[in-house]
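What follows is a single structure, written as structure tokens, with notes after it.
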Amino acid sequence: MLKLCLCVSQGIPLWDMPTMEGDVLYLCLEDTFCRIQDRLFRLTDEASGRLHFAVASCKLSDGLIVQLEDYLKDYPDSRLIVIDTLQKVRTASKDNAYASDYGDISLIKDFADRHSLAVIVVHHIRKQNDSDVFNKVSGTTGLTGSADATFVLEKEKRASDTAKLYVTGRDTPYQEYTLRFRDCRWELVERKTQEQLAKETIPDVLFRLVDFMRDKEEWIGTATELLAAMGETETIPTVITKWLNEYRTTFLSENRICYQYSRRKDGRRIALARRAGDSGDGGDSDIRIPPCYCH
């Protein structure tokens, strides 16, 4: 967060992403000024005068938003406010946990929307495993449900210097960043978009199928015959049929391969047809599909 605040206050990129210069307020509520100063010396020789710090604040329920409004009167060109951490600005509530979580983040979001600036709220994640990393955010789904975007930073191992940053949001496509921690900062190792991640899940045999169809207008036969024609020995017929069905409207279609499947008296048949290349005008291409086969 400190590195991000420095970048925005100076208008310099964070990793490969540009920032818009403006005043920044960092509420580092679990730190002291001495600790922040030590980190600053490790990150930069000279911090921008547009970067402001506070190590104490009111709670959300008793004046934090008013304090932030007063801050903006003095620094109306602010672009970013970081609240680190959420728990430091909350009070114990006897209300429904979901309603409390949703309400707290909604207060902050309303403030951010009214002033057209970004507010990042740092929070903790749970220790236990979950197949969905965003379910590890401590608390109820009211926290992630009311926020515009959620970022989860998770180390591979406790002592590891590498971590994954998972990103999702209402207007933010799912992304994953591989980061490495060096010299008090996270360095970008690799960035993968939703499309790249989806492509990684595509079975290798389907890429070989695309190559197999490059010099063919159509192919008809059983799944066993298809695998034999491709020289595949590691994939069984039921699996290739499952994958053809699963990726027919995405990967196969993107590679101009039409797939149909039918049951006949002599067995189950696969029909593959290669679409002609587009002329570039966005018009439809002719698709040659044998008429005797239907899905």
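The values are calculated or read from the model by the stated rules, or taken from the named source; none is laboratory data. Computed from a predicted model, the values in this text were never measured in an experiment. Because the Cβ atoms are built from the backbone with ideal geometry, glycine has one as well, and the counts that use them run over all protein chains shown. SASA here: full protein model, heavy atoms, side chains in, ligands and nucleic acids out. Shrake-Rupley method; radii C 1.70, N 1.55, O 1.52, S 1.80 Å.
Annotations for the structure displayed:
- Computed over the chain: relative contact order in percent, which uses C-alpha pairs under 8 Å that are six or more apart: 10
- Counted by Cβ distance under 11 Å from MET213, the other residues give a net charge of +2, where Lys and Arg count +1 and Asp and Glu count -1.
- Three-way shape call for region 1-147 based on the alpha-carbon gyration tensor, with the a/c threshold at 1.5: prolate
- Close amide H contacts of TRP15 (hydrogens built in the peptide plane, cut-off under 5 Å, sequence separation of 5 or more or a different chain): none are found.
- Region 202-274: C-alpha gyration tensor shape, a/c 1.5 cut-off, then a/b vs b/c: rounded
- Which listed pairs, of LYS192/LYS216; LYS59/LYS164; LYS109/LYS199; LYS164/LYS242; LYS3/LYS127; LYS59/LYS94, have C-alpha distances above 24 Å, in listed order: LYS192/LYS216; LYS59/LYS164; LYS109/LYS199; LYS164/LYS242; LYS3/LYS127
- Phi-derived couplings, Karplus 6.51 cos²θ - 1.76 cosθ + 1.60 at θ = phi - 60°, listed residue by residue for region 151-160: 10, 10, 9, 9, 6, 5, 9, 4, 8, 6 Hz, with x used for Gly and Pro.
- Rounded, prolate or oblate (a/c below 1.5 giving rounded, otherwise prolate when a/b exceeds b/c) for region 1-75 by Cα gyration tensor: oblate
- Amide proton proximity set for THR85, modelled H, under 5 Å, gap of 5+: LEU29, GLU30
- Accessible surface for the chain, divided over its residues, is 60 Å² per residue with a 1.4 Å probe.
- Calculated P(r) of the chain - Cα pairs past 27 Å, %: 58
- Spatial separation of Cα centroids for region 97-153 and region 190-237, in angstrom: 40
- Maximal additional length on extending the TYR261-LYS136 stretch stands at 40.9 nm, based on 0.36 nm per residue less the C-alpha distance.
- By accessible area, using a 1.4 Å probe on protein heavy atoms only, the chain has 48% of its surface on carbon and sulfur.
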